[in-house]
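Report on the following structure.
Just so it is clear, none of the values below were taken in a lab; they were calculated from the coordinates. These numbers were taken from a predicted model, which means no experiment stands behind them. Virtual Cβ from ideal backbone geometry, glycine too; neighbours counted across all protein chains shown.
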Amino acid sequence: MIANMKKFLRFLIIVGFALLLFWLGKQFGSKNVNQEILSNSMIVREIAELASLEVQGNATIKRSNVANDGSWMSNMKKAFVENTIWVTVPYVAKYGVDVDSLNFKVEITDKKIVVKLPEPKLLSYELRVDRMETANRKGWLLFSDDETYTDVQKKLYTESRGQMEGNKLYVNQSKEKVVKIIKEYYKPWLKDHELIVEFDGEKAPTLN
């Protein structure tokens, strides 16, 4: 929570500073000041990196050594050697753009502002194991085994992270957030400029 608050305050300071310079440029008729803000790729880069999307939810996994097919053999295994485990863990995932000097560029013309960014991706993924919920069902001949839970947790992390990495919905939501914040930064210039934001060369829809 504290980290997110610092991040938000940092964003407000950057945007506020840019708007202050823009206002000074208008007040004193300085085209040089406004042009400097307009083409300041370092500020835009900083804004793009700060515009991460945080997603929270629950990751769940079930592992069992018996088939639930109602057969005689399955019922015998359930009674004596079944080892079925359910694990549910809250997660926190963050999506955004990983910007460097090679995959980021701002191009300014008389009529267009083109911001080129890499495709958003999963930047971090954390399982909140301190809030993990577990359940198990064991046969008469089996005892509790902490190593089994550890193996299940590792499998849950690997599988759920893979699903989040391939989640197009969250990637698209991350794009929308980045475009929205960059558009807010360039708002004073959009009366006479068209803003184009590209992710890996593909033009993103401009939000109204």
Exposure-ranked with fewest Cβ neighbours within 10 Å first, Arg63, Arg45 stand as Arg63, Arg45
Can you pull the one-decimal nm distance between simple spin-label points at Asp98 and Glu126, each 7 Å off the Cα toward Cβ? 1.8 nm
Among the stretch 96-138, those whose backbone N falls under 19 Å of a label point 7 Å along Cα→Cβ from Lys168 are 96, 119-122
Cα-centred dipole magnitude for the stretch 80-134, charges only on beta-carbon of K, R (+1) and D, E (-1), debye, nearest 20: 340 debye
Radius 10 Å from Cβ of Gly201, net charge of other residues (Lys, Arg +1; Asp, Glu -1): -2
Enumerate the amide H contacts of Asp98 below 5 Å, restricted to partners 5 or more residues apart or on another chain; note that Pro and chain-start residues carry no placed amide H. Lys121
Taking the Cβ-Cβ separation of Lys155 and Thr109 as r and a Förster radius of 35 Å, what is the calculated FRET efficiency to the nearest 0.05? 0.10
